[in-house]
1. How would you order 187-196, 42-51 from highest to lowest mean count of nearby Cβ atoms within 10 Å?
2. I'm checking a number: the convex hull volume of the Cα atoms of region 156-233, normalised per residue, in Å³. What is it?
3. For the chain, take the longest principal axis of its alpha carbons; what is the angle in degrees between that and the long axis of helix 158-170, to the nearest 10 within 0 to 90?
4. In whole Hz and in residue order, list the ³J(HN,Hα) couplings for region 109-126 that follow from phi through the Karplus curve 6.51 cos²θ - 1.76 cosθ + 1.60, θ = phi - 60°; x for Gly and Pro.
5. Under the definition of Cα pairs under 8 Å and six or more residues apart, what whole-number percent is the relative contact order of the chain?
6. Could you grab the relative contact order for region 156-233? Cα pairs under 8 Å, six or more apart, rounded to a whole percent.
7. Run the Debye formula on the Cα coordinates of region 104-235, all scatterers equal and no solvent, and tell me log10 I(q)/I(0) at q = 0.10, 0.12, 0.13 1/Å.
8. Charges only on Cβ, +1 for Lys and Arg, -1 for Asp and Glu: so what's the dipole of the chain about the Cα centre, in debye to the nearest 20?
Amino acid sequence: MKNSVYPGSKRREASQQKLEAVLTQSCILLPDDIKRNIVYEHYSPGELIRAAYDDVQNMSILFDDRIFITNSSVEGREFTYAREQTLTLIGDLEYLSGNLHYASSVIAKTDVELATLSFQAFDRWLVEEDFRRYVLRCIAEKGFRAAARHGQDMFYTPVQKVVSILLNDLRYLNEKRSVYVVNYTHHDLAELTGLSDRTINRAIKRLVEQDLIRIEHGRVLVRASDIHTLSDLIA
């Protein structure tokens with residue numbers, strides 16, 4: 001883990017405080033024996049965090065910002081099929097299913113921090129009810145999104161696919177404001193939907209023409225008052 005922060009460093013202390021603050025917000029306790037066994041990893045935007053088919057050697061918690069999950073086609077084309085946000089587990093599905101090779105590659109979308117621990121420490125932590133509920137919720141959410149994506153791919157139009165991604169991003173925003181900035185570029189939307197950049201541009205143009213979104217400096221802006229109307233498009 002080339003980006004690891006080793007015990008005793010000031011950066012480790014800062015990472016630990018940040019992790020504990022994030023866990024506390026979700027009512028998850030960090031036992032002292034688990035705390036001592038955590039290694040912190042830091043990645044810059046675009047860095048490969050985990051590679052598909054590599055051995056799964058530990059469990060990680062994403063506790064700062066976001067990642068993209070990617071796969072490759074037979075022709076070598078890479079496509080992004082999901083993105084994950086703060087407090088997502090990496091390696092959970094593989095470990096708990098008994099498949100100890102990563103199913104997909106994980107790439108940092110932003111500056112990312114991970115808290116990594118051994119499987120033995122992870123198993124001990126699962127004894128804690130609050131953490132166990134969190135793990136079950138993570139797995140259930142991933143399964144639900146996979147099922148929803150399958151239906152989306154079969155029946156959604158390009159406009160509906162774009163709206164679905166935009167609304168999924170907005171669900172992570174807790175602030176009450178009149179206008180939200182979606183942290184995706186047009187190319188990000190193309191990767192996440194599997195559509196071409198040209199098709200994404202046409203879908204965005206249609207939404208702008210309907211006055212459901214705005215584009216400023218290459219970013220998508222969504223008015224809070226339009227979220228309900230956007231939701232109706234994919235209902």
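Throughout, read-outs are computed from the coordinates displayed, never taken from laboratory work. Note that this is a predicted model, so its numbers are computed, not measured. For neighbour counting, all protein chains shown are included, and Cβ atoms are generated from backbone atoms with ideal geometry for every residue, glycine included.
1. Peptide ranking by packing, descending: 187-196, 42-51.
2. It comes to 85 Å³ per residue, whole-number rounded.
3. 40 degrees
4. For region 109-126, the Karplus-derived couplings read 8, 10, 5, 10, 10, 10, 10, 10, 9, 6, 4, 4, 5, 4, 4, 5, 5, 4 Hz, x marking Gly and Pro.
5. 19 percent.
6. Details: 82 pairs, mean separation 31.3, N = 78.
Rounded, it is 40 percent for region 156-233.
7. -0.43, -0.60, -0.68
8. Values: 30 positive and 33 negative charges, 99 e Å.
For the chain, the charge dipole is close to 480 debye.
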